[in-house]
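Working notes, beginning with the structure itself.
The values are calculated or read from the model by the stated rules, or taken from the named source; none is laboratory data. Keep in mind that this is a model prediction, so the values were computed, not measured. Methodologically, a virtual Cβ is constructed for each residue, glycine included, from the backbone with ideal geometry; neighbour enumeration extends over all protein chains shown.
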Amino acid sequence: MVELLRQIKVGNKETLIPIIQGGMGIGVSLSNLASAVANAGGIGVISGVQIGFREEDFSTNSKEANIRALKKEIKKARNLSPNGILGVNLMVAIENYKDMVMAAVEEKIDLIISGAGLPSELPSLVKGSNTKIAPIVSSGKAAAVITKLWEKRYQYIPDLIILEGPLAGGHLGFSKEIAKDNPPSLMDLFNEVKNSLKPFEDRLNIKIPVIVAGGIFSGKDIREFLDAGADGVQMGTRFVGTEECDAHINYKNEYLKVKEDEIGIIHSPVGLPGQAILNPFIQKVSNSREDVKKCYRCLTPCNPKTTQYCITNALINSVTGYVDNGLVFIGKKGYLIDEIIPVAQLIDKLKKEMMS
């Protein structure tokens, strides 16, 4: 068995545990959760998607509200965890992606994680800073494409690569058919990514760390991938079941109540499949289209004239407690959560499971 406390290196900082807390939006992982995970020795991640939803001018000036709120949350997290490793998750598909990246860099965030699109320009946006960057991929081909592009265009190799499989919560990098009917195993995808990166590692005499995500639930899961050669894991869903998670208690209780057959693949307004709780809201919008009167222009692929519903409103409703009228993303193994505990207690539990 590999060493239990394998470290993930981010610049001149190192984790105490090989765990990145996945970014969850809107508002599920903000400064409270991220700082708690960072203080426990992992990497705490703030989700940047529509992070300004609590700002007074969000409905009229969402872009500026999001930038302002992102800076606020990073500052709060740093005050709560002065020495911890903090990251932000910024979807490439958000309208003001560049501005949000630059705001995070300005606040000296340790790590930027980007998926939901190809972060082709990301190295240029962090140039001259100490901020490290990690693309999210769903295949070996995608890992090779982004690595080759960054090397050729910027002479930059990803600091980390996060492989996210089809059991993850939220938006997925797979077709609905594959995610629902024929999902590849995370281990097969991991081996595919490692093989795709080997030519770069051999030629450049470097190691590109690979973090696995999507369906990682227990310490046993973590140990399995560390033994297989992964450099760490990313866990999102599991951290919803913590006291420090920034979501409303009603949101967390949905995780406690949900049954296995109530978690499934939905079609998101973003144009990607997503994993969510099949609650009354999802059942309603599956049969009829809501009239979208206000568009926040949050994600470039969304068209308010044709979308089934406003994903911003749906996610805000759920995170603020109105779960029956909102979208609740969840990983495929989320039904296994049966308690709400402090982050430090969860980390201790995962360590014990890894050793058993």
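All conditions but one from (1) touching a Lys or Arg at 6+ places or on another chain (Cβ under 7 Å); (2) touching a residue at least 12 places away in the same chain (Cβ under 8 Å); (3) farther than 30 Å from Asp338 by Cα apply to Val145; the one that does not is (1).
Looking at this structure, is Leu167 farther than 27 Å from Ile337 by Cβ and either in contact with a Pro (Cβ under 9 Å, 6 or more places away or on another chain) or not hydroxyl-bearing (Ser, Thr, Tyr) (or both)? No, not satisfied.
The condition (being under 20 Å from Leu163 (Cβ atoms) and among the hydroxyl-bearing types (Ser, Thr, Tyr)) is satisfied by just one residue among Ser35, Ser29, Ser62: Ser29.
Scanning the range 251-290 for residues that are buried (at least 22 other Cβ atoms within 10 Å of the Cβ), assigned to a loop (DSSP other than H, G, I, E, B) and either touching a Ser or Thr at 6+ places or on another chain (Cβ under 9 Å) or not assigned by TED's automatic domain parsing to the domain that holds Gly321 (or both) yields one hit, Pro269. For the range 1-45, a residue qualifies if it is closer than 22 Å to Ala168 by Cβ and free of Cβ contacts under 8 Å to residues at least 60 places away in the same chain, and the qualifying residues are Ala34, Ala38, Gly44.
Checking each residue of the range 71-88 against the condition of being touching a residue at least 60 places away in the same chain (Cβ under 8 Å), farther than 18 Å from Glu164 by Cα and either buried (at least 16 other Cβ atoms within 10 Å of the Cβ) or in the same structural domain as Ile311 (by TED's automatic domain parsing) (or both) gives at least one match.
Considering Phe239, Phe200, which residue is over 17 Å from Ser139 (Cα atoms) and assigned to a helix (DSSP H, G or I)?
Testing whether each residue is over 17 Å from Ser139 (Cα atoms) and assigned to a helix (DSSP H, G or I) leaves just Phe239.
Being over 25 Å from Gly274 (Cβ atoms) and either at pLDDT below 95 or among the aliphatic types (A, V, I, L, M) (or both) is the filter here, so list the residues in the range 134-175 that pass it. Listed by number, the residues that qualify are Ala144, Leu149, Ile157. Of everything in the range 177-232 that is β-branched (Val, Ile, Thr) and under 21 Å from the mean Cα position of the chain (by Cα), the residue that is surrounded by the most Cβ atoms within 10 Å (Cβ to Cβ) is Ile216.
Taking the range 320-347 as the region of interest, how many residues are out of contact with any helix residue (DSSP H, G or I) (no Cβ under 6 Å at 6 or more places or on another chain), of a type in the set (Val, Ile, Thr) and part of a helix (DSSP H, G or I)? Qualifying residue count, the range 320-347: 1.
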